[in-house]
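This report refers to the structure that appears directly beneath it.
The values are calculated or read from the model by the stated rules, or taken from the named source; none is laboratory data. The structure displayed is predicted, hence computed values, not measured ones. When we count neighbours, we look across all protein chains shown, and the Cβ atoms used for this are built from the backbone with ideal geometry, even at glycine.
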Amino acid sequence: MNIVGRRNLYFLLSLAIILPGMFSMAFLGFRLGIDFAGGDQYNLAFTRPIQATAVQKEMDTFNVEATVQQAGPNGALVTTKPLSSVQETTIRADLAKKFPLDPSRSSYAQVGPTIARELVVGAGGLILIASILIVIYLSIRFNYKFAIAAILALLHDVFVLTGIWSILGKVFNSPLGEINTLFVTAALTVIGFSVHDTIVIFDRIRENLRQASRLTFEQNVNLSIIQSLARSLNTSMTVIFVLVALFLISPQNIKGFTLALLIGIVSGTYSSIFNASPLLVVWRRLDPR
Amino acid sequence: MRVDRRLLALIAVIAVLALFIDGFAYIYRLTTNQPLTGPIRGVPTLNIGFLGFSQQIFVHKGLDLQGGTHLELQITQVRSGTVQQARDVAVAIIERRVNSSGYAEAVVRPEGSDRIIVELPGVDLEQAKQILGKTSYLTIWKWEPGTPDAAILQELNPTDAQKYPGYKPVFTGIDGSMITNASRSTDPNTNLPDVTISFNSKGNDLFCAFTRDRVTHPQGDPQNKLAIFIDKNLVEDANVISEICGGSAIITGGFTAASAQALAIQLNSGSLPGTISIASATEVGATLGASTVKLSLLAGAFGLAIVILFMLLYYRLPGLVASIALLIYAAIALAIFKLFGVTLTLAGLAGFILSIGMAVDANVLIFERLKEELRAGRTLGAAMEAGVHRAWPAIRDSNISTLITCFVLYFFGAPLIKGFAITLAVGVGVSMFSAIVTTQQFLQILAGLRPARRLALYGVQPPAPKAA
């Protein structure tokens with residue numbers, strides 16, 4: 001099996017997934033959750049099935065830029081612009097009067113505009129700080145080329161995930177594709193996992209390079225990938241099993257979170273096998289020192 | 001490497017301790033004669049007298065799992081001093097308000113320079129707003145001959161201000177800011193609820209002088225009376241029988257137990273040192289949280305079962321070892337959450353469940369190496385040693401990079417993210433112990449057992465005699 005030899009094919013496959021996402025991000029942007037956009041969100045649970053359109057009609061009378069989405073037969077997700085305390089109480093009382101609301105299974109969240117701005121800055125900063133620290137650690141343990149290849153694979157995963165999220169939220173208009181705090185958590189976990197996966201293969205390359213052999217650098221890298229393939233796939237499989245279980249039975253409010261983890265882990269496994277290590281070979285060819 | 005009996009004993013002790021802590025709620029129920037199912041009374045507390053050790057042991061559930069309201073308050077328009085001072089004063093006042101409302105599990109803490117986090121388990125947003133938002137302004141007035149002017153009729157309820165024709169209320173200078181404490185009390189004579197208020201020294205001086213002056217008027221004359229207004233309304237209009245200089249007074253105004261309690265809270269709130277607004281609020285219904293926990297635990301159990309099945313089918317005997325190590329791992333992680341009071345949130349639970357998947361990774365790394373060494377024709381014992389030895393750098397470097405991410409998440413992330421970071425970090429840490437120490441020791445035991453030496457048990461064909 002020659003993975004490194006077919007590297008251009010694998011790079012192309014990655015681009016085929018990343019480019020549409022990039023376009024979507026550039027031209028359509030993201031579907032921001034209230035954590036980032038500010039606003040109020042009612043996660044309503046009813047005692048019997050209610051159509052989201054009926055709730056939408058009712059919400060439209062308040063003129064608060066409300067969007068209502070069906071969340072299961074007995075639920076609806078209502079998002080509005082930031083409400084004043086009085087508005088919030090009025091709307092809540094009205095909804096309770098017009099619909100068979102079950103308050104003990106409902107939830108509500110409000111995020112003011114100042115907090116929302118802070119989170120946007122914070123999320124970007126977190127990814128940057130984590131990346132820098134990981135580069136430093138890998139430069140010490142391996143060398144800077146390995147570190148940068150690992151970070152490129154990591155960025156690949158971040159772009160795959162955010163691109164798919166942009167498409168999901170904007171093109172398909174799905175509430176799953178909402179950018180919120182949980183999504184940022186998922187993205188950061190994916191970063192950790194992606195580097196984790198890449199390092200295991202790099203460790204093999206490091207070990208094989210130490211042993212004197214007649215193999216070229218390229219052959220060596222390919223051998224290392226093959227040798228660690230079983231482990232890479234097995235570990236990802238076990239994590240994916242757990243995540244699929246989580247995704248299928250998770251309640252509406254963390255479905256997006258588990259889906260993001262699932263996509264990220266698949267992408268992370270792909271990038272560490274097909275992108276990170278072949279990148280080392282590309283670099284070696286351009287700069288043979 | 002041989003079996004290290006001391007290390008094995010350590011693993012056994014840790015596992016037993018972890019199981020003890022995990023099951024402590026049941027031990028607590030037994031010792032306090034409670035049924036084993038249904039809601040538990042009291043907080044399970046482990047007391048070891050001679051060590052002076054006392055620790056509450058239970059799963060600290062976040063608001064999203066137990067239901068309640070989380071508020072982030074912001075202070076603006078501070079009247080005096082720095083924002084930070086105002087924030088600390090406000091924290092103290094809000095804490096007092098919340099505590100006097102009887103919400104013992106509530107959390108009030110400063111956040112950043114101008115924020116306050118308030119967490120109220122089991123309280124909905126409207127109740128929370130009432131507890132936090134409503135301050136009552138108490139003023140004490142006297143009656144003097146005359147008719148109330150327009151300004152007074154504006155400030156006070158007109159019906160109350162014109163209670164006695166020919167008399168008008170005059171402010172004594174005593175207001176709520178001079179109250180140091182207010183509490184619900186009971187009138188020993190009538191057994192009716194009332195409210196006891198204590199004054200600071202300035203309030204006491206004024207109140208003492210005021211009552212001394214009022215006593216000089218005959219009883220029945222409005223000038224003998226003391227009028228307490230809360231906001232605009234007259235709540236008490238009492239005769240002053242003697243001077244009151246003891247630093248406290250009692251308001252009896254036909255209260256119910258609840259309204260006396262509410263007034264005490266409102267008086268306690270005093271005046272906040274600035275304008276407090278809600279920057280963000282989250283409210284979770286009570287049963288929503290409970291059903292989330294149930295679903296997550298189901299997902300966790302399901303995930304664990306699949307992982308164990310996979311390990312058994314793919315790695316055979318070592319898979320069994322890894323599964324046992326995984327169960328010990330889950331028991332230890334849960335015990336750590338309970339013992340150190342790590343607050344489990346939805347994201348935290350997800351982090352924990354995810355770490356189950358990652359925990360097997362170290363085992364997978366070791367077993368893949370083990371297979372390779374066995375295929376290369378090494379003896380079982382040597383292969384096990386080499387497998388662990390060679391897998392170690394990869395395990396170390398990969399887990400440290402995950403820990404770096406956890407570290408960044410914990411120190412720079414929002415509270416929701418923090419919970420996730422802690423559980424994931426605990427998971428990664430314990431899983432390294434589980435893989436390196438537990439699995440390795442168990443493998444060494446296997447290597448010493450004759451029936452466990454058949455290579456087929458490790459999913460490896462015996463090596464063919466070398467051809468070349």
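Tabulated data
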item	result
Of all residues making up segment A:15-64, the number that are assigned to a loop (DSSP other than H, G, I, E, B) and over 30 Å from A:LEU95 (Cα atoms)	2
Matching residues, segment A:237-269, being surrounded by 23 or more Cβ atoms within 10 Å (Cβ to Cβ) and within 13 Å of A:ILE201 (Cβ to Cβ)	A:GLY268
Qualifying positions in segment B:306-348 - under 21 Å from the mean Cα position of the chain (by Cα) and within 9 Å of another protein chain (Cβ to nearest Cβ)	B:LEU346, B:ALA347
Unique residue being within 15 Å of the chain's Cα centre (by Cα), among the polar types (S, T, N, Q) and assigned to a helix (DSSP H, G or I) when the list is A:SER232, A:SER194	A:SER194
Residue check, B:GLY303 crowded, with 22+ Cβ neighbours inside 10 Å, under 19 Å from the mean Cα position of the chain (by Cα) and either assigned by TED's automatic domain parsing to the domain that holds B:ALA435 or assigned to a helix (DSSP H, G or I) (or both)	no
Positions within segment B:177-202 being within 32 Å of the chain's Cα centre (by Cα) and either in a helix (DSSP H, G or I) or not assigned by TED's automatic domain parsing to the domain that holds B:ALA238 (or both), in sequence order	B:SER177
Residue check, A:LEU101 more than 7 Å from every other protein chain (Cβ to nearest Cβ), of a type outside the set (Ser, Thr, Tyr) and farther than 28 Å from A:VAL184 by Cα	yes
Qualifying positions in segment B:350-364 - farther than 22 Å from B:LEU443 by Cβ, in contact with a helix residue (DSSP H, G or I) (Cβ under 6 Å, 6 or more places away or on another chain) and facing chain A (nearest Cβ under 9 Å)	B:GLY351, B:ILE353
Condition check for B:ALA383: touching an Asp or Glu at 6+ places or on another chain (Cβ under 7 Å), modelled with pLDDT of 80 or more, assigned to a helix (DSSP H, G or I) and surrounded by 24 or more Cβ atoms within 10 Å (Cβ to Cβ)	yes
From the options A:GLY192, A:GLY256, A:GLY264, A:GLY268, residue that is in contact with a Leu (Cβ under 7 Å, 6 or more places away or on another chain), under 23 Å from A:SER131 (Cβ atoms) and either small (Gly, Ala, Ser) or away from chain B (no Cβ under 14 Å) (or both)	A:GLY264
Criterion: surrounded by fewer than 20 Cβ atoms within 10 Å (Cβ to Cβ), of a type outside the set (Lys, Arg) and over 30 Å from A:ALA45 (Cβ atoms) - qualifying residue of A:VAL171, A:VAL135	A:VAL135
Selected residue (criterion: nearest to the other protein chains (Cβ to nearest Cβ)) from residues of segment A:236-253 that are under 20 Å from A:THR198 (Cα atoms) and without any contact (Cβ under 8 Å) to a residue 12 or more places away in the chain	A:THR238
Among the candidates A:GLN41, A:GLN70, residue that is within 14 Å of chain B (Cβ to nearest Cβ) and either within 28 Å of B:ASP114 (Cβ to Cβ) or within 26 Å of the chain's Cα centre (by Cα) (or both)	A:GLN41
In segment A:270-289, residue surrounded by the most Cβ atoms within 10 Å (Cβ to Cβ) [restricted to those that are in a helix (DSSP H, G or I) and basic (Lys, Arg)]	A:ARG284
Every pair of residues 6+ apart whose Cβ atoms lie under 6 Å, when the first sits in segment B:26-49 and is closer than 20 Å to B:ALA335 by Cβ while the second is loosely packed, with under 10 Cβ neighbours inside 10 Å	B:ARG29/B:LEU36
Test: A:ILE226 is buried (at least 17 other Cβ atoms within 10 Å of the Cβ) and assigned to a helix (DSSP H, G or I)	no
